[in-house]
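Reading through the structure tokens given below for one structure.
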Amino acid sequence: MIKTLPGRALLLALVAMSLAACGGKPTEPARQDQPRVSSDHPVVGQRWNLLLIGTNERLSMPETPHFIVSPDGRVTGSDGCNEINGRVNLDGGNRIQFGELGTTRRGCPQLDDAKRVTGMMENAYRFLIDHDRLVFFGRDQRVLGGWRKAN
């Protein structure tokens with residue numbers, strides 16, 4: 001038993017070193033105060049009003065669903081019932097990713113439709129801008145919905 005103790009001690013030391021090596025500091029996420037989008041990006045600084053859910057469904061809501069992206073990557077707006085706040089990442093490959101979306105909790109008769117609006121935003125993967133229209137596509141390239149630039 002005394003002869004196997006150094007072998008076990010060596011094994012324990014190797015396991016401990018392996019675990020310590022795995023416990024390295026993770027990559028830091030982008031700081032909140034760093035811009036996530038370019039201020040001259042065509043989506044930034046515009047108010048986008050909901051036009052369609054999917055390819056042809058218009059919603060009748062108490063307030064027009066809309067959003068605005070600021071240069072620091074924040075998104076604000078309304079799902080038609082509740083205020084929306086969160087973050088967005090945009091890149092040159094027409095990728096869009098909303099995150100940390102939160103809404104107020106007001107009730108309204110069209111709450112299910114409001115959830116569809118925020119769901120469309122959360123599932124957006126790519127976008128296309130055509131004149132004053134902004135179209136969101138899912139990962140499967142299916143049209144999620146469309147927005148129109150407000151004047």
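The values are calculated or read from the model by the stated rules, or taken from the named source; none is laboratory data. A quick note: this is a predicted structure, and the numbers were derived from the prediction, not measured. Backbone-built Cβ (ideal geometry, glycine too); neighbour counts: all protein chains shown. Protein only, heavy atoms only, side chains kept; ligands, DNA and RNA dropped before computing areas. Shrake-Rupley method; radii C 1.70, N 1.55, O 1.52, S 1.80 Å.
Separation of segment 62-90 from segment 122-139 is 15 Å, based on Cα centroids. If you restrict to DSSP beta bridges whose two residues both lie in segment 43-151, what percentage is antiparallel, to the nearest 5? That works out to approximately 95 percent antiparallel. With each label modelled as a point 7 angstrom along the Cα→C-beta vector, the Arg47-Asn85 pair spans 1.9 nm.
A cut-off of 5 Å between modelled amide H atoms, ignoring neighbours fewer than 5 places along the same chain, links Leu51 with Gly146, Trp147, Arg148.
Here the extension length gained between Arg133 and Thr55 equals 26.8 nm, from 0.36 nm per residue of separation less the Cα-Cα distance.
In the complete set of protein chains, residue-level accessible area for Arg148 is approximately 90 Å², probe 1.4 angstrom. Computed with a 1.4 Å probe over protein heavy atoms only, the accessible area of Glu57 comes to about 70 Å².
With the simple model of a label 7 Å out from the Cα in the direction of the Cβ, Thr104 to Glu63 spans 0.5 nm.
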